[in-house]
Amino acid sequence: MDRSDIAEAVVLFQFSNTAMQNVRARTVLQKLQYLYRRNEIGFYTLPRRSLRGTWREGRAGHDLRLNTAYVERIREANRLAGLYLTLVHEATHATVDFTRLYDEMAARLMPIHYFRELSGPGVFNEANDPPWPGRGPRVVRLPAGSFPEYEEMSEAVRNDQLVDYVLSIRTYTRSSYITPQWIIENLTHWRGLRNRWPSTRGLYIRLLADSVDTYYTRAILDIMESVNRRNEWDEMMREAGPLRSIQLALDDLSARPPYSGRVLALERRWNVYLRERIPHH
């Protein structure tokens, strides 16, 4: 793959319905065109094979870097499409100015819309009109099963669970991405707690339990009360970390009304000790 493939990818996105019908997509397109003209997009062997690409403005070499190891792992028939999606992802990073987790969600949302078009009606390839040998198909269309991860993300978006998908990736559970304050501010977003994956609820509990501030720890009860099924409770608690940490976090709340009654109700329902047990002598 070389610079001509990048040029074709930019042109393909330019004439997609995604770029023509979405305001943010047009901003992403303009950024891609600008970076291409300034020769700020290039192929690199990046440190982690799992990385698709990276974006950092103003560094030596190219600002937008595509991982050759990732591209080469894709089936040859789908490589250009993988390149298209990665370019849109990294160019979205280059255009948004959000805090880090919102930034990552936005950078995934845009290529998901593009993926839906590529895997549905397809995108007419203006770079191959009229058709030339070796210039790719006239309509770029992805067959089903080409990119399972994008199919999973697309389904997550349909269910308002993109945040859960992103937080299922360990990189994005670091404190530079998610904090107790972020959790509090987003408890009611994306259809609320009952729409969160059990693993996300467990992550929330684990991070909130690190605090001694009841402003944060009282939300643990809201999260626990959002669970209705035993299997979801068990999955949540596996992700929530040591029970001892949760008990310490709830120590103050469990002695104060109205929280004490809620803690007791949870203990009885799930047959678990959420308070420290006082040893008998």
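Which of the numbered conditions does TYR215 fail, given that it passes all the others? Conditions: (1) in the same structural domain as VAL263 (by TED's automatic domain parsing); (2) assigned to a helix (DSSP H, G or I); (3) at pLDDT 95 or above; (4) among the aromatic types (Phe, Trp, Tyr).
With (1) in the same structural domain as VAL263 (by TED's automatic domain parsing); (2) assigned to a helix (DSSP H, G or I); (3) at pLDDT 95 or above; (4) among the aromatic types (Phe, Trp, Tyr) applied to TYR215, the lone miss is (3).
Given the criteria within 24 Å of ASN159 (Cβ to Cβ) and in the same structural domain as GLU8 (by TED's automatic domain parsing), does GLY61 qualify?
no
Go through PHE98, PHE115 for me and flag whichever is assigned by TED's automatic domain parsing to the domain that holds THR27, without any contact (Cβ under 8 Å) to a residue 40 or more places away in the chain and either among the small types (Gly, Ala, Ser) or not in a helix (DSSP H, G or I) (or both).
Details: PHE115 fails: either among the small types (Gly, Ala, Ser) or not in a helix (DSSP H, G or I) (or both).
Answer to the selection: PHE98.
Do you know which residues across segment 25-44 are crowded, with 16+ Cβ neighbours inside 10 Å and either under 18 Å from LEU109 (Cα atoms) or of a type in the set (D, E, K, R) (or both)?
The answer is ALA25, THR27, VAL28, LEU29, LYS31, LEU32, GLU40.
Of everything in segment 247-262, what is closer than 17 Å to TYR215 by Cβ and touching a Leu at 6+ places or on another chain (Cβ under 8 Å)? Give them in sequence order.
Matches in segment 247-262: ALA249, LEU250, LEU253, SER254, TYR259, ARG262.
For ASP210, work out the one condition from (1) closer than 21 Å to SER168 by Cα; (2) without any contact (Cβ under 8 Å) to a residue 24 or more places away in the chain it doesn't fulfil.
The number of the failed condition is (2).
The values are calculated or read from the model by the stated rules, or taken from the named source; none is laboratory data. In this text the structure is predicted, and so the values were computed from the model without any measurement. Every residue, glycine among them, receives a Cβ derived from its backbone with ideal geometry; neighbour counts consider all protein chains shown.
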